[in-house]
Amino acid sequence: MQTPLLPDRINPWQLAAENGRLDGELPLTALPRLAALLNDAGGVVRVALAAGTDGQGLPFIGGALRTEIELICQRCLGPLRLALDVPVRLGLVHSEAEFDRLPDEYEPLLVPENSASVTDLVEDELLLALPQIPSHADPQECEANDYGTPGPAALDAENRQPFAVLATLLRDSKRSN
């Protein structure tokens, strides 16, 4: 079964008024800001969003974004596979002055005109869901554990005095004078 294509742009206000849906997939390569942070930009984002008006009459877009990405672990610098299941709950607003009228359950989606980019909306939500410092949750999976602690030879090298040779040369030059 072929996945339906998502539109490039939507009118969020109209989508909410019509209780519309956005279901489909986007390739990770279509999200350049996110792709730049990934170790491998192969794969897709599954988009399942519904728009409508809540009980208070506020227009919203809600749903989930699902994908699997590969980042670089900042502990071991090895590949880190991460499954993202990002809940989306956006309240539509025309201006920043309307932010305060949104309940806490909504994040504001500023739509001053009647048009919004679907890829930008998806990319923004995924960027906000990324960990600040990507690292393996289980230390056993982290390649940094393979580095171990320095052995006795490394400790002996650290205890050597790096200028001992210079001191010897200086002593020898004073004796010869």
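We did not get these values from a lab; they are worked out from the coordinates using the rules stated. Since we're looking at a predicted model, the values are computed, not measured. In this analysis, Cβ positions are derived from the backbone assuming ideal geometry, glycine residues included, and neighbour counts consider all displayed protein chains.
What net charge do the residues around residue 39 carry, taking every other residue with its C-beta under 14 Å from that of residue 39, with Lys and Arg at +1 and Asp and Glu at -1?
Details: positive: 81; negative: 40, 68, 70, 143.
Local net charge: -3.
Above 12 Å, the calculated P(r) of segment 67-113 contains 69 percent of its Cα-Cα pairs. Among 60, 163, 99, which one shows the biggest mean-square fluctuation in a GNM of the chain, springs joining Cα atoms closer than 10 Å? Of the options given, 163 has the highest mean-square fluctuation.
Counting other Cβ atoms within 10 Å, which GluC sites (Glu not before Pro) in segment 1-89 have at most 16 and lie in a DSSP loop? Each step should come with its number before you reach the end.
On the way: sites: 18, 25, 68, 70; in loops: 18.
Answer by residue number: 18.
Per-residue extension of 0.36 nm, minus the Cα-Cα distance of residue 171 and residue 114, leaves a gain of 12.2 nm for this segment. Taking every C-alpha pair closer than 8 Å and separated by at least 6 residues, the mean separation divided by the residue count of the chain gives a relative contact order of 20 percent.
Taking N as the number of residues in the chain, what is its alpha-carbon radius of gyration divided by 2.2 N^0.38 Å? Display every interim value, and only then the final one.
Numbers: Rg = 27.4 Å, N = 177, 2.2 N^0.38 = 15.7 Å.
With N residues counted in the chain, Rg over 2.2 N^0.38 Å equals 1.74.
For helix 164-176, report the angle its Cα long axis makes with the longest principal axis of the Cα atoms of the chain; keep it between 0 and 90° and round to the nearest 10°. It is inclined by approximately 30 degrees. Across 138, 85, 40, mean-square fluctuation computed from a Gaussian network of the chain (C-alpha pairs under 10 Å connected) peaks at 138. Ordering 41, 84, 112 by Cα displacement along the dipole of the chain toward the positive end leaves 41 in first place; charges were set at the Cβ atoms of Lys, Arg (+1) and Asp, Glu (-1).
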